[in-house]
Amino acid sequence: MRIIELDEIDSTSEYLKRLGGEEDVIAVARRQTGGRGTKGRSFSSETGGLYLSVMLTYDNFPASDAFKILVNACVAVCETLEKFSLKPQIKWSNDVLSDGKKISGTLIENILSGPFVRRSITGIGINVNNPLPPELNETATSMSRQLSVSVELSEVKNTLIANLEKQYRLDDYKSRMEFGKSVFVTCGGKRFKAVVKDVEPDGRLLVEHGGKLIALSSAEVSIKL
């Protein structure tokens, strides 16, 4: 797979959109000026972090299986962090935590052709050695902060790229989640407490509330631990 190294770019995912074509390609940037997270949130992308996007083209890949793309990305991130002796956990659906704080996020955009995914662009950001704003001290962390030592960024990059070429299972994703945990769910203007029970193959989160199981879509809800 071709790898494009960039010094500074608005967003590696936006760069790949502009690049187009049918080639499978990875773009990596030292810094992003317009990094984005889920639901349009900005993503701090200062020098020292790993900012990577991968564009893949598919043949006959059912859109109903699209959650597998996120599974692969999140587990690849976890295995990368585990190589550096960290113990990551997945916070449904696309965040990876270390010591209860966000260390990585993933954003996936799929281009559909009828009932099939024609192309996907997966953007991944990992906090490696990059400084974090003071207002994020309670909610975010980095590899260097967790390990109390500077981490070789190129080694993290190469490990992640190698892991992204693997195929993972839903069980690999679920094994890094904490089931039975109480969370606060915000959905349709309502907020309620629920217990995390499982993740469906299509990516919906199963929670228990009021003695009933509810299937939640990440596009519709917000989850707070």
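What follows is calculated from the coordinates using simple rules that are stated; it is not laboratory data. Here the structure is a predicted model, which is why all the values come from computation and not from measurement. Counting neighbours? That spans all protein chains shown, and the Cβs are built from the backbone with ideal geometry, glycine included.
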**OP:** Assuming a ≥ b ≥ c are the square roots of the Cα gyration tensor eigenvalues, decide whether segment 182-224 counts as rounded (a/c under 1.5), prolate (otherwise, with a/b larger than b/c) or oblate.
**Re:** oblate
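Anything over 21 Å Cα to Cα? Flag those among 102/190; 181/224; 101/190; 157/224, in the order listed. Intermediate results must be reported in sequence, preceding the final value.
Working: 102/190 25 Å; 181/224 11 Å; 101/190 25 Å; 157/224 29 Å.
Checking Cα-Cα distances, 102/190; 101/190; 157/224 exceed 21 Å.
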**OP:** Pull out the extension gain between residue 83 and residue 57, defined as 0.36 nm times the separation in residues minus the alpha carbon to alpha carbon distance; nm, one decimal.
**Re:** 6.5 nm
**OP:** Return the loop-located GluC sites (Glu not before Pro) in segment 82-158 (DSSP other than H, G, I, E, B) with at most 14 other Cβ atoms within 10 Å of their own Cβ; answer none if there are none.
**Re:** 138, 152
Original post:
Where does each of 95, 10 land when they are ranked from fewest to most other beta-carbon atoms within 10 angstrom?
Top reply: 10, 95
**OP:** Taking 7 Å along the Cα-to-C-beta vector as the label spot, tell me the residue 215-residue 110 distance in nanometres, rounded to one decimal.
**Re:** 1.5
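Give me the percent relative contact order of segment 2-174, please, defined on Cα pairs under 8 angstrom at least 6 residues apart. Numbers along the way, then the final one.
Working: 340 pairs, mean separation 38.6, N = 173.
Averaging sequence separation for qualifying contacts and normalising by length gives 22 percent for segment 2-174.
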Original post:
Dimensions of the chain along principal axes (Cα, Å, largest first)?
Top reply: 52, 47, 31
